[in-house]
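Asker: This is the structure I have questions about; it appears just below.
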Amino acid sequence: MEHTLLWQRLTHGFLPFDGGIGSEIYKRNFFVNRSFEQLNLVMPAEIEAIHRQYLDAGAEVLTTNTFGANSHKLAAFGLADQVTSICTAAVQVARRTIAAFDQESQKSPSTYAGNTPAASNAPTAVEVSTTEPRILVAGSIGPVGDTSNLSDAQMIAILREPAAALQSAGVDFLLFETLPSSRAVRCAVAVAQELQAPYMLSFALNRDAEGLETHEPLNAILAACPTDGHLPSAIGLNCGEGPEGMLSSLEKLLEVVHYPIVVRPNAGMPKAVDGRTIYMVTPEYFSTWTTRYLTLGARGVGGCCGIGPSHIADMVRSVRPLAAAHQRQLVATIRTEEVPLQPAVPVAEKSRLAGKLTRGEWVTTVEITPPQGFDLAPTILRARRCHIAGIDAINIPDGPRASSRISPIITAIEIQEKGGIEAVLHVCCRDRNLIGIQSDILGCMSRGIHNMLFITGDPPKLGDYPFSSGVFDVDSVGMVKIMYRLNRGVDIGGKPMKTPTSILVGIGADPSAVDPEYEFRRTCEKIDAGAEYITTQPVFDPTQLLHFVGRLRERRYTIPVIAGIWPLASYRNAEFMRNEVPGVVVPDSVMRRMGAAETKEAQREVGIAIAREAIAAIRDSVQGVQVSAPFGNVETAIEVLQA
């Protein structure tokens, strides 16, 4: 494979593409009875404005407004003879927009400064010349159109004209997109090989990973890709059935393709929700799915029809820190194999909690959130009350929902030393780099904090400080791998340690996740990486938890599971949990029961009853529970556990 600009950028780090062009043109009151591609010639300022919005959003690949710029499609508008002029103008518009953007940003248009903080450490990185463009231009070439009466030779001739024009005008690569069949792939490849131009092939597949035009299976479409000679720089997915449907296609593609992969879903179809027709793809929803693409292994992400600048802006802000984490996780797991691992401390000897889990005993923990101020006295009193009540440990969240609170490490130390009860310290990957995280872990060891639960963390934009930057040097999977080595005497830099750490390594899981397959797969990855126990998100539907645990047992995972339980304090609290807390699902049946209680105290009693019923339903399938103390009220948590 040639080391083209596109290939280098994709292997160097996360590369954000732009979104749809045609859908943005339509928003500007240009209707579909005219050629959108002709606007490159007659109204270039409109296209320039769209490109500029994508650049402002953080896109680093602009696609030209040439999706339908072939003689077969342009003939319907009497423009079949203007293919070359339209394509040339489209590239000029894109280049002009980039030049103005770079000038205003006081950056040289010929300087590439790197697009992720992890770039220099990426394990598969290719050195990128400082003379390379920071923003790439992709020459968009869409399907020919109705091909029922066209031979392959005719299709190739139709595609050759815009491809040659785009190449001559100076695009960085040709983007053959929305390829619906193996025939379309063969013709695109023939053109690219004839012109010897850098190129990318992007397929349009349905939910079953079949071609939209012929329902050919993915393997048949991939068979049309070249295996030698002039190869594509990347393989992509675009259009399809929206962000959710594209995930399964990506999973299948990753199993059989060794090229860098770019994913660009469209906005999908509207869904019927409680009698309403709603388009689900908000910027936040789009970012949620693009994060999953990245986690699976995609290297470039953008959007197709219906995905606009606001979607790309939210994606860049949300995904780029996680892209850095993904790169660094790889670094942390492939280095230093030459350093011998020391024997680990037996799990049962790490802490009292670890001993109980190892012996199969029932454990109870209560979650207490650190205060936003610096007065820890009330928190210590609550912890001491839990100790007197026979609770095994106190769970201490680390900046839940991207909030800023007193250090959870200080809270854990104070609770253990003054409250007389073990702490379980949550370690969030969002706020500290790897050096800082390792330093904190070593500090905890020196002060007797041995129980930890590792989470990736919510992006800062979800909290009260959206202007803050997320670090995300590593995610929870990577941290478990790092802890496996720290517990065996090797630090993050591959240096031997005199004494291994002895941390009980916990992970989070969400049995009621919107995407259960993704959540289950991630949980298995954490277990395989070395996790020693699981604490789940609050569960209000026991059947979801039982199903999740059952699947783990089917995989022969014997890891202890501690179920999260949240005793609802009121109907308003139930509404908040249902609508505002990511990863928490409150069933309609629970909402009805809470709503039927007339007073706040009666609602609290119903919440306690629901929590007790959930514990009774799951007790034989888990090894303990973590009961949250709503609004710091540990008496409610204790009341749940003392049924």
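The values are calculated or read from the model by the stated rules, or taken from the named source; none is laboratory data. For clarity, every value in this text was computed on a predicted model and none was experimentally measured. Note that each Cβ is placed from the backbone with ideal geometry, even for glycine, and that neighbours are counted across all protein chains shown. Side chains included, ligands, DNA and RNA excluded: accessible areas come from the protein's heavy atoms. Shrake-Rupley method; radii C 1.70, N 1.55, O 1.52, S 1.80 Å.
Asker: May I ask you to list the residues in the range 184-212 that are in a loop (DSSP other than H, G, I, E, B), closer than 22 Å to A157 by Cβ and free of Cβ contacts under 8 Å to residues at least 40 places away in the same chain? If you could, list the steps in order and put the result at the bottom.
Answerer: Going residue by residue through the range 184-212, those that are in a loop (DSSP other than H, G, I, E, B) are 196-198, 204, 206-209, 212.
Applying the additional criterion that residues be closer than 22 Å to A157 by Cβ yields 196-198.
Listed by number, the residues that qualify are Q196, A197.
Asker: Please state which of the following conditions Y518 fails to meet, knowing it meets all the rest: (1) of a type in the set (S, T, Y); (2) in a loop (DSSP other than H, G, I, E, B); (3) at pLDDT below 90.
Answerer: For Y518, the exception is condition (2).
Asker: Does the range 579-592 contain at least one residue that is open to solvent by 80 Å² or more (accessible area, probe 1.4 Å) and within 26 Å of the chain's Cα centre (by Cα)?
Answerer: Yes: one or more hits.
Asker: Considering only residues that are open to solvent by 50 Å² or more (accessible area, probe 1.4 Å) and within 27 Å of the chain's Cα centre (by Cα), look in the range 467-499 and name the one that is modelled with the lowest pLDDT.
Answerer: In this case the residue turns out to be F467.
Asker: Can you tell me which of L62, L15 is open to solvent by less than 10 Å² (accessible area, probe 1.4 Å), under 24 Å from Y199 (Cα atoms) and modelled with pLDDT under 95?
Answerer: Unique residue meeting the criteria: L15.
Asker: Turning to a different aspect of this structure: Looking only at the range 185-199, decide whether some residue is among the charged types (D, E, K, R) and over 31 Å from the mean Cα position of the chain (by Cα).
Answerer: Of all residues in the range 185-199, those among the charged types (D, E, K, R) come to 186, 194.
Within this subset, residues satisfying the condition of being over 31 Å from the mean Cα position of the chain (by Cα) are 186, 194.
Looking for residues that are among the charged types (D, E, K, R) and over 31 Å from the mean Cα position of the chain (by Cα), one finds at least one in the range 185-199, hence yes.
Asker: Among the residues of the range 135-158 satisfying the criterion of being over 38 Å from the mean Cα position of the chain (by Cα) and small (G, A, S), which is surrounded by the fewest Cβ atoms within 10 Å (Cβ to Cβ)?
Answerer: This residue is S148.
Asker: Could you please let me know if E104 is open to solvent by 30 Å² or more (accessible area, probe 1.4 Å), modelled with pLDDT of 95 or more and acidic (D, E)?
Answerer: So E104 fails the test.
Asker: Is it the case that the range 45-54 has a residue that's on the phi > 0 side of the Ramachandran plot and open to solvent by 10 Å² or more (accessible area, probe 1.4 Å)? Explain how you work it out, then say what you get.
Answerer: Step one: filter the range 45-54 for residues on the phi > 0 side of the Ramachandran plot, giving none.
Within the range 45-54, none of the residues are on the phi > 0 side of the Ramachandran plot and open to solvent by 10 Å² or more (accessible area, probe 1.4 Å).
Asker: Do we find a residue being modelled with pLDDT under 90, within 30 Å of D528 (Cβ to Cβ) and among the small types (G, A, S) anywhere in the range 546-562?
Answerer: No - not one qualifying residue is present in the range 546-562.
Asker: Tell me yes or no: at least one residue of the range 268-286 is at pLDDT 85 or above, in contact with a strand residue (DSSP E or B) (Cβ under 9 Å, 6 or more places away or on another chain) and open to solvent by 20 Å² or more (accessible area, probe 1.4 Å).
Answerer: no
Asker: Please work out which residue is nearest to T63 (Cα to Cα), limiting yourself to the range 248-259 and to residues that are open to solvent by less than 10 Å² (accessible area, probe 1.4 Å) and not hydroxyl-bearing (S, T, Y).
Answerer: L250
Asker: Here's a follow-up. Residue check: is A531 in a loop (DSSP other than H, G, I, E, B), under 25 Å from M479 (Cβ atoms) and open to solvent by 10 Å² or more (accessible area, probe 1.4 Å)?
Answerer: Values: in a loop (DSSP other than H, G, I, E, B): yes; under 25 Å from M479 (Cβ atoms): yes; open to solvent by 10 Å² or more (accessible area, probe 1.4 Å): yes.
Yes.
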